[in-house]
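Enquirer: Can you keep this structure in mind? I'll have questions shortly.
The values are calculated or read from the model by the stated rules, or taken from the named source; none is laboratory data. Since this is a predicted model, take the numbers as computed values, not measurements. No Cβ is skipped: glycine too gets one built from the backbone with ideal geometry, and neighbour counts run over all protein chains shown. When the accessible area is computed, the model is the full protein with side chains, heavy atoms only, and any ligands, DNA or RNA have been set aside. Shrake-Rupley method; radii C 1.70, N 1.55, O 1.52, S 1.80 Å.
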Amino acid sequence: QVQLVESGGGWVQPGGSLTLSCAASGNNIDIYVMGWYRQGSGKPRDLVAAITKGGSSRYADSAKGRFTISRDNAKNIMYLQMNNLKPEDTGVYYCESELMTSGRAYWGQGTQVTVSS
(Lines give C-alpha, C1' and ligand atoms only; values in the text may rest on other atoms or scores of the structure.)
Protein backbone atom coordinates (compact mmCIF):
# COMPACT_ATOMS: atom_id res chain seq x y z
CA GLN A 1 0.00 0.00 0.00
CA VAL A 2 1.34 3.43 -0.97
CA GLN A 3 0.01 6.78 0.17
CA LEU A 4 0.73 9.79 -1.99
CA VAL A 5 0.30 13.37 -0.82
CA GLU A 6 0.68 16.27 -3.23
CA SER A 7 1.38 19.86 -2.26
CA GLY A 8 2.47 23.14 -3.81
CA GLY A 9 -0.50 23.97 -5.98
CA GLY A 10 -2.13 27.37 -6.07
CA TRP A 11 -2.87 30.39 -8.20
CA VAL A 12 -0.22 32.08 -10.31
CA GLN A 13 -0.21 34.65 -13.08
CA PRO A 14 0.87 33.68 -16.59
CA GLY A 15 4.63 33.54 -16.80
CA GLY A 16 4.95 32.63 -13.14
CA SER A 17 6.38 29.53 -11.50
CA LEU A 18 5.25 26.85 -9.08
CA THR A 19 6.88 23.77 -7.62
CA LEU A 20 4.74 20.74 -6.84
CA SER A 21 5.78 18.03 -4.42
CA CYS A 22 4.57 14.48 -3.98
CA ALA A 23 5.51 12.53 -0.87
CA ALA A 24 5.10 8.76 -0.94
CA SER A 25 4.81 6.64 2.18
CA GLY A 26 4.17 3.01 3.02
CA ASN A 27 5.85 -0.09 4.39
CA ASN A 28 8.90 -1.30 2.48
CA ILE A 29 7.86 0.41 -0.73
CA ASP A 30 10.11 0.34 -3.78
CA ILE A 31 8.76 2.69 -6.39
CA TYR A 32 9.85 2.24 -9.99
CA VAL A 33 8.26 5.18 -11.74
CA MET A 34 6.56 8.31 -10.50
CA GLY A 35 4.63 10.73 -12.61
CA TRP A 36 2.57 13.88 -12.72
CA TYR A 37 -0.75 13.98 -14.55
CA ARG A 38 -2.99 16.97 -15.23
CA GLN A 39 -6.74 17.00 -15.59
CA GLY A 40 -8.37 20.17 -16.84
CA SER A 41 -12.07 20.84 -16.46
CA GLY A 42 -14.00 18.44 -18.66
CA LYS A 43 -10.80 16.94 -20.03
CA PRO A 44 -9.09 13.58 -19.62
CA ARG A 45 -6.21 13.06 -17.22
CA ASP A 46 -3.02 13.35 -19.25
CA LEU A 47 0.62 12.67 -18.46
CA VAL A 48 2.71 15.78 -17.86
CA ALA A 49 6.02 14.18 -16.86
CA ALA A 50 7.37 10.96 -15.40
CA ILE A 51 10.65 9.78 -13.91
CA THR A 52 12.05 6.35 -13.14
CA LYS A 53 14.00 5.33 -10.07
CA GLY A 54 17.14 5.50 -12.19
CA GLY A 55 16.42 9.08 -13.19
CA SER A 56 15.18 8.64 -16.73
CA SER A 57 12.47 11.17 -17.47
CA ARG A 58 9.95 11.97 -20.15
CA TYR A 59 7.70 14.94 -20.75
CA ALA A 60 4.57 15.83 -22.62
CA ASP A 61 5.33 18.11 -25.53
CA SER A 62 3.54 20.95 -23.76
CA ALA A 63 5.88 20.63 -20.77
CA LYS A 64 9.20 20.36 -22.56
CA GLY A 65 11.51 23.28 -21.91
CA ARG A 66 9.31 24.69 -19.14
CA PHE A 67 8.86 21.91 -16.56
CA THR A 68 11.48 19.84 -14.75
CA ILE A 69 10.71 16.64 -12.91
CA SER A 70 12.98 15.25 -10.20
CA ARG A 71 12.85 12.84 -7.30
CA ASP A 72 14.64 12.02 -4.10
CA ASN A 73 14.66 8.24 -3.89
CA ALA A 74 15.90 8.20 -0.30
CA LYS A 75 12.94 10.29 0.83
CA ASN A 76 10.42 9.02 -1.75
CA ILE A 77 9.57 12.55 -2.79
CA MET A 78 8.99 13.75 -6.33
CA TYR A 79 9.00 17.33 -7.53
CA LEU A 80 7.73 19.21 -10.55
CA GLN A 81 9.28 22.61 -11.15
CA MET A 82 6.97 24.54 -13.47
CA ASN A 83 8.20 27.74 -15.12
CA ASN A 84 6.64 30.13 -17.60
CA LEU A 85 3.19 28.86 -16.72
CA LYS A 86 0.36 29.35 -19.17
CA PRO A 87 -3.43 29.40 -18.69
CA GLU A 88 -3.63 26.03 -20.46
CA ASP A 89 -1.55 24.54 -17.64
CA THR A 90 -4.53 25.02 -15.34
CA GLY A 91 -5.95 21.86 -13.84
CA VAL A 92 -5.72 19.37 -11.03
CA TYR A 93 -2.29 17.79 -10.88
CA TYR A 94 -2.15 14.20 -9.69
CA CYS A 95 0.84 12.24 -8.52
CA GLU A 96 1.06 8.61 -9.63
CA SER A 97 3.49 5.90 -8.64
CA GLU A 98 4.11 2.33 -9.75
CA LEU A 99 5.75 -0.28 -7.59
CA MET A 100 8.92 -2.02 -8.75
CA THR A 101 7.72 -5.54 -8.01
CA SER A 102 4.03 -5.58 -8.89
CA GLY A 103 3.68 -2.59 -11.19
CA ARG A 104 0.58 -1.64 -9.25
CA ALA A 105 -0.28 2.03 -9.60
CA TYR A 106 -1.33 4.40 -6.85
CA TRP A 107 -2.72 7.92 -7.08
CA GLY A 108 -2.71 10.96 -4.87
CA GLN A 109 -5.72 13.14 -4.20
CA GLY A 110 -4.55 15.93 -6.51
CA THR A 111 -3.58 19.57 -6.11
CA GLN A 112 -5.15 22.45 -8.02
CA VAL A 113 -3.05 24.72 -10.20
CA THR A 114 -4.69 27.81 -11.63
CA VAL A 115 -2.91 30.09 -14.08
CA SER A 116 -4.77 33.29 -14.81
CA SER A 117 -4.41 37.02 -14.77
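Enquirer: How large is ³J(HN,Hα) for each residue in the range 57-70, as worked out from phi by the Karplus curve 6.51 cos²θ - 1.76 cosθ + 1.60 (θ = phi - 60°), to whole Hz, x for Gly and Pro?
Expert: Ordered by residue, 3J(HN,Hα) equals 10, 9, 10, 5, 4, 5, 9, 4, x, 10, 10, 9, 9, 8 Hz.
Enquirer: Write down Rg/Rh for the range 48-117, rounded to two decimals, with Rg from the C-alpha atoms and Rh from the Kirkwood relation over Cα pairs.
Expert: The Rg/Rh ratio comes out at 0.98.
Enquirer: With charges set only on the Cβ (+1 for Lys and Arg, -1 for Asp and Glu), what does the dipole of the chain come to about its Cα centre, in debye to the nearest 20?
Expert: 120 debye
Enquirer: Show me, for the range 91-102, the HN-Hα J-couplings you get by feeding each phi into the Karplus relation (A = 6.51, B = -1.76, C = 1.60, θ = phi - 60°), rounded to Hz, glycine and proline as x.
Expert: These are the phi-based 3J(HN,Hα) values: x, 8, 9, 10, 8, 9, 9, 10, 6, 5, 7, 9 Hz.
Enquirer: While we're looking at this one, here's another question. Ignoring ligands, DNA and RNA, what accessible area per residue does the chain give at 1.4 Å, in Å²?
Expert: 52 Å²
Enquirer: Which percent of the accessible area of the chain is formed by carbon and sulfur heavy atoms (probe 1.4 angstrom)?
Expert: Of all accessible area on the chain, carbon and sulfur atoms account for 46 percent.
Enquirer: Choose one of GLN39, ILE69, GLN112: the residue whose Cα lies farthest towards the positive end of the charge dipole of the chain (beta-carbon charges +1 Lys, Arg; -1 Asp, Glu; about the Cα centre).
Expert: ILE69
Enquirer: Taking each pair of different alpha-carbon atoms in the range 1-72 once, compute 1/r for the pair, average those values, and report the inverse of that mean as the Kirkwood hydrodynamic radius in Å to one decimal.
Expert: Over the range 1-72, the inverse of the mean reciprocal pair distance is 13.8 Å.
Enquirer: Show me 18-26, 51-59 ranked by packing, highest mean number of other Cβ atoms within 10 Å first.
Expert: Ranked from most to least packed, the peptides come out as 18-26, 51-59.
Enquirer: State, to one decimal in nm, how far the label point of GLN81 lies from the label point of THR52, with both points 7 Å from Cα in the Cβ direction.
Expert: 2.3 nm
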